[in-house]
1. Which cross-chain or sequence-distant (5 or more) residues have an amide H under 5 Å from the amide H of Val317, H modelled 1.01 Å from N in plane?
2. For the chain, what does -39500 (n - 2.57) per DSSP helix run (n ≥ 4), summed and divided by total residues, give at 222 nm, in deg cm²/dmol to the nearest 500?
3. So what J values fall out for the range 302-319 if you push phi through Karplus, 6.51 cos²θ - 1.76 cosθ + 1.60 with θ = phi - 60°, rounded to Hz, Gly and Pro as x?
4. List the trypsin sites (Lys or Arg not before Pro) within the range 305-387 that fall in a DSSP loop (any state other than H, G, I, E or B) and whose Cβ has at most 11 other Cβ atoms within 10 Å.
5. Please report, for the Cα atoms of the chain, the Rg to one decimal and the Dmax as a whole number; what are they, in angstrom?
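Coordinate-derived values only; no laboratory data. Quantities reported herein were computed from a predicted structural model and do not represent experimental measurements. Cβ atoms come from the backbone with ideal geometry, glycine included; neighbour counts cover every protein chain shown.
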Amino acid sequence: MINSVIGPVEVGPVAHGGHCVARHDGRVVFTRHALPGEQVMIRITDTSHERYWSGDAVEILQPAPERVEAPCRFSGPGLCGGCDFQHVELSHQRELKRRVVAEQLTRLAGFDWSGVVEEVPHPMVANGGGWRTRMQWHADESGRWGLRAHHSHRVIAVDDCHIAADGLPEISGTGQQAVTVLAAHGETALLVDGELRTHTGAVHDQLQRTITQEAHGRSYAVADDGFWQVHPAAAEILVAAVLDGLAPQAGERALDLYCGVGLFAGALHDRGVRVHGVEGGRRAVELARRNVPGARFTVGRVERTMRTLAKRADLVVLDPPRKGAGRAVMREVLARRPRAIAYVACDPAALARDLRTATDAGWQVSELRAFDLFPMTHHVECVAVLTRADAETR
């Protein structure tokens, strides 16, 4: 059945994960490269799940009005798997993401959201491209550099990437298998098979293997292989959303959970807040202490460390990995009865599950914003603000 083509099939609604829901002979087929309402032929790519199959729309019999020609020639069925929505007009990409966020919040959190996915302009970003400041390139069997196919280790030779902040650089030497390109302030550093190299005079520290990033009037040292938001405007806009949602006051106490190198801790500290950050990565905490010397930081898994932290906090920031904070962490946070909680999420399903834990405990979502920080892909970043239902809202 793999690689067989079925259809014509009418495409149903967009679903979380970069595909649409289609049905053929009563079976759900999660279909990439399609749009709701289209008539398509589908090539089956996966039948390993009993309840559904996966496939690619390989022939568009009746296109949706929002369909456009992909700006990247490496995008499409069987090609580079990095982008989900290159075939979709940009404003409609945000509409599809809005539908996904709203559906996940309604179904998993019981929360009706009527917001929009906000466009995030930046000088580096044009036609939905040029925003990804960290790229990992791989070598194929012939030594050509490229990117991987969807859910595969197969390398698709690519000599240019529409969403990359910098194209594939000239890489000297032979035998390398992977290279990570990190762009900062319009310059670039390379991490080639684990070794940091310079390229076009990048801002970096050879001894400490860090690269400098800036946000909200502060500079942050970040490990060359550490986490930093990949969209050049992301750190700034997320900090602004968190500060707006929390309205921090000097003298308040805050927990910054999954704090990384101290992005939100730095912004809160600058407002006079006493911050205690928690992060599982030792190297990230070392850098957080260097970046925000006025705050306190603890190395440890958040779910374990919470038991050792102060039992009260005025504010909490959560910026968990894609899987979310989870019920145990959320209950520990809520038990501290903070005035407000800001939850930064890159996965709307995980966000919705954690919001449900809070609302079931008597909290309310007082604000939720969504940002299009990953154009051409299905990914979306959200910032939710929680307050106690019995507290006076802003």
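1. Here the answer is Leu255, Asp256, Leu257, Ala342, since their amide H atoms fall under 5 Å of that of Val317.
2. Values: 7 runs with 72 residues, N = 394.
Dividing the helical sum by the residues of the chain leaves -5500 deg cm²/dmol.
3. 4, 5, 8, 6, 3, 5, 9, 8, 3, 7, 10, 8, 7, 9, 9, 10, 10, 9
4. Details: sites: Arg307, Lys311, Arg312, Arg322, Lys323, Arg327, Arg331, Arg336, Arg339, Arg353, Arg356, Arg369; in loops: Lys311, Arg312, Arg322, Lys323, Arg336, Arg339.
For trypsin sites (Lys or Arg not before Pro) across the range 305-387 that sit outside H, G, I, E and B with at most 11 neighbouring Cβ atoms in 10 Å, the list reads Lys311, Arg312, Arg322, Lys323.
5. Expressed in Å, the Cα Rg and Dmax of the chain come to 22.1, 64.
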